[in-house]
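These notes are about the structure you will find just below.
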Amino acid sequence: MSLIEPVLYVFFGLIASGKSTLSDLFAQKHGWPCYNTDRVRKELAGLAASERRAEGMGEGIYSPEFTKKTYQSLLDRARDDFKRGACAVILDGSYGKRTDRRQVLDLAGTVGAQIFFILCSCSDDEVKRRLALRAKDPDAVSDGRWDIFIKQKESFEFPDELQPNQLIRLNTESSPELLLVRLEQFVQTGLDNIPG
């Protein structure tokens, strides 16, 4: 893919929406750095990525203070990568608050990067299926559970502040291969429309 300017990709959505699976595949395909809030949060807390934490939403390492620290760390890492000349960086997290997305938009403006938000979603039944599989996986990084999903769903702020060319909505119940093709098509369309 030919990039005219740096690009910041933000994969976001509710628990078990498929954002981490897709962002990892996208990052591997292109060799770009990808920062995941679950991994960074546990790193900041001195925990192994797969160490389970039973805290509820807004508690412990999921408190508002620690969450703010986590999101700031993602911003700092992306900024550092762009300063070193990275052509693209991927962020992966819920980003369910407009204030958090605003900070990412501000970073893109500061470093002169094009930005794409990829909103991942799936049906509630699929979320239940994925959470059940995750609960049996000893290597799973996310601590997401059904009760947290319900609370997150109630508090998620829809990204109506984003411009149409900044947002792609993906139902992740399609195959990862098809999703990557759709994503590449959307991104290329957006890049082709960059003035200059």
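Observations on the model:
- Peptides 161-173, 126-138 ranked from most to least packed give 161-173, 126-138, packing being the mean of other C-beta atoms within 10 angstrom over each peptide's residues.
- 5 Å binning of all Cα-Cα separations within the chain, expressed as whole percents from 0 upward: 1, 7, 16, 21, 22, 17, 10, 5, 1, 0, 0
- Taking Lys and Arg as +1 and Asp and Glu as -1, the other residues whose beta-carbon sits under 11 Å from that of residue 76 total +2.
- Packing-based order for 178-189, 106-117, using average beta carbon neighbours within 10 Å, highest first: 106-117, 178-189
- For the chain, with +1 on Lys and Arg beta carbons and -1 on Asp and Glu, the positive-most of 25, 60, 82 along the dipole: 60
- Value of Rg to Rh for the stretch 27-133, rounded to two decimals, is 0.98; Kirkwood radius and Rg both from alpha-carbon coordinates.
Laboratory data are not the source of any read-out in this text; all were calculated from the coordinates shown. Being a predicted model, the structure only gives us computed values, none of them experimental. Note that we place each Cβ from the backbone using ideal geometry, even for glycine, and neighbour counts take in every protein chain shown.
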